[in-house]
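**Student:** Here it is, the structure in full.
FYI, it's all coordinate maths here, none of it is from the lab. Fair warning: this is a prediction, and the values are worked out from it, not measured in the lab. In this analysis, Cβ positions are derived from the backbone assuming ideal geometry, glycine residues included, and neighbour counts consider all displayed protein chains.
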Amino acid sequence: MATYENLLLDLQNGILTITINRADKLNALNIETIQEIRNAIQQVYDDSDIKAAIITGAGPKAFVAGADITEIAELSEVTARSFAERGQEVFAMIERSNKPVIAAVNGFALGGGCELAMACHMRVAAEHARFGQPEVNLGLIPGYGGTQRLTQLVGKGKAMELMMTADMIGAQEAQQLGLVNHVVPQEELITKSTEILEKIMGKAPLAIGLVIECVNAVFNNDENGYQTEANAFARCCTSEDFVEGTSAFIEKRKPAFTGN
Ligand code: COA
């Protein structure tokens, strides 16, 4: 497995845990770390031994406290646009992965950290986790997809409020808003995320990937999501796993899916 400067990677039982490892900077995303996340997600795409991924932060305090403000401070109009586009591209890779990706939010998820968590398919948060898009404090707005994904997840009114006030919210409130799937004690964060992924990994992988594709289609204005769904449904019916799943039901046994 490739080596990384700012990430720790650990593959166990098909689940790749990607830990952002800049704890002294509250795991702030510098450009190098964004590139490394891209490479790690490419590994998730390419490596057939990887069936799912967890993204988390090193240390007890922060998931990711945002993009690295020391780098942001140096941006010009031209470099800022490519900075945002590059980050958006990496986060879109996470969102479009046909293998499930969970954000295990172990503390502050601010700015680019909240955006990274929102690009994952689900979010499990520790009780002390805090979420927010505080960019307006810096004279900025979210640039890694936050204006779009926060609005998708919590609705227009609350997204407007969170992004305009820069308020931080706790894990419980984030769950009430639909930003977070589960809130658990810190020590159960990885166990809970693993449990969810193991449950998903027991299902037909092709079908899981197509669920992700169809749900993402809801938010793509260029796509007719119902047509995407019908096509995906038809694709499932050509798979060996469909034959296995339906046969296992009729034969009253557990299916053994292969991903074909
Ligand atoms: N970019 C770069 N460095 C960051 C950072 C970021 N987004 N967030 C935290 N850090 C660094 C701090 O500069 C500090 O480094 P230092 O020890 O070399 O001075 C270190 O991480 C610890 O942060 P600190 O601010 O001392 O911790 P705290 O407990 O007092 O406050 C936060 C925690 C999260 C409230 C505070 O760090 C913060 O507001 N961070 C910025 C959040 C933000 O605006 N994110 C959006 C960026 S677009």
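**Student:** With the cut-off at 1.5 for a/c, could you classify segment 5-51 from its C-alpha gyration tensor as rounded, prolate or oblate?
**Tutor:** oblate
**Student:** In cubic angstrom, how much convex hull volume per residue do the alpha carbon atoms of segment 160-229 span?
**Tutor:** Expressed per residue, the convex hull around the Cα atoms of segment 160-229 is 123 Å³.
**Student:** How much length is gained on full extension from Glu89 to Asp24, taking 0.36 nm per residue of separation minus their Cα-Cα distance?
**Tutor:** Computed gain between Glu89 and Asp24 is 20.8 nm.
**Student:** Further, regarding this structure: Set the Förster distance to 41 Å, then compute FRET efficiency between Arg235 and Glu32 from the Cβ-Cβ distance, nearest 0.05.
**Tutor:** With R0 = 41 Å, the Cβ-Cβ based efficiency is 0.60.
**Student:** Can you give me the relative contact order of segment 100-203 as a percent, contacts being Cα pairs under 8 Å and 6 or more apart?
**Tutor:** 33 percent
**Student:** Something else: For segment 190-256, rounded, prolate or oblate, judged on the Cα gyration tensor with a ≥ b ≥ c (square roots of eigenvalues), a/c < 1.5 rounded, else prolate if a/b > b/c?
**Tutor:** Judged from the Cα gyration tensor, segment 190-256 comes out oblate (a/c at least 1.5, b/c at or above a/b).
**Student:** For segment 7-200, what is the charge dipole size about the Cα centre, in debye to the nearest 20, if Lys and Arg each add +1 at the Cβ and Asp and Glu each add -1 at the Cβ?
**Tutor:** Using only the charged Cβ atoms, the result is roughly 420 debye.
**Student:** Quote the FRET efficiency, to the nearest 0.05, computed for Glu173 versus Lys199 with a Förster distance R0 of 35 Å and r equal to the Cβ-Cβ distance.
**Tutor:** My answer for the efficiency is 0.85.
**Student:** May I pose another question? Just for the Cα atoms in segment 76-175, what are the lengths along the principal axes, largest first, rounded to whole Å?
**Tutor:** Per principal axis, max minus min of the Cα coordinates gives 39, 35, 23 Å.
**Student:** Separate question: Of all the stretches in the chain, which is the longest one without any exposed loop site, taking GluC sites (Glu not before Pro) in a DSSP loop (any state but H, G, I, E, B) with at most 15 other Cβ atoms within 10 Å?
**Tutor:** The longest such stretch corresponds to 128-222.
**Student:** If you add up the charges near Pro205, with Lys and Arg at +1 and Asp and Glu at -1, over every other residue whose beta carbon is less than 10 angstrom from its beta carbon, what do you get?
**Tutor:** Net charge in that neighbourhood comes out at +2.
**Student:** Could you give me the percent of Cα pairs per 5 Å distance bin for segment 41-92, shortest bin first, beginning at zero and ending with the bin that holds the maximum distance?
**Tutor:** Spelled out per bin, shortest first, that is 4, 14, 16, 19, 18, 15, 9, 4, 0.
**Student:** What are the trypsin sites (Lys or Arg not before Pro) within segment 185-255 that DSSP puts in a loop, where the Cβ has at most 10 other Cβ atoms within 10 Å?
**Tutor:** Hits after loop and neighbour filter: Lys252, Arg253.
**Student:** Distance in nm between label sites at Asp222 and Asp49, each 7 Å beyond Cα in the beta-carbon direction?
**Tutor:** 3.6 nm
**Student:** Diagonalise the Cα gyration tensor of segment 7-200 and give the resulting equivalent ellipsoid semi-axes, square root of 5 times each eigenvalue, largest first, whole Å.
**Tutor:** Those come to 24, 20, 15 Å.
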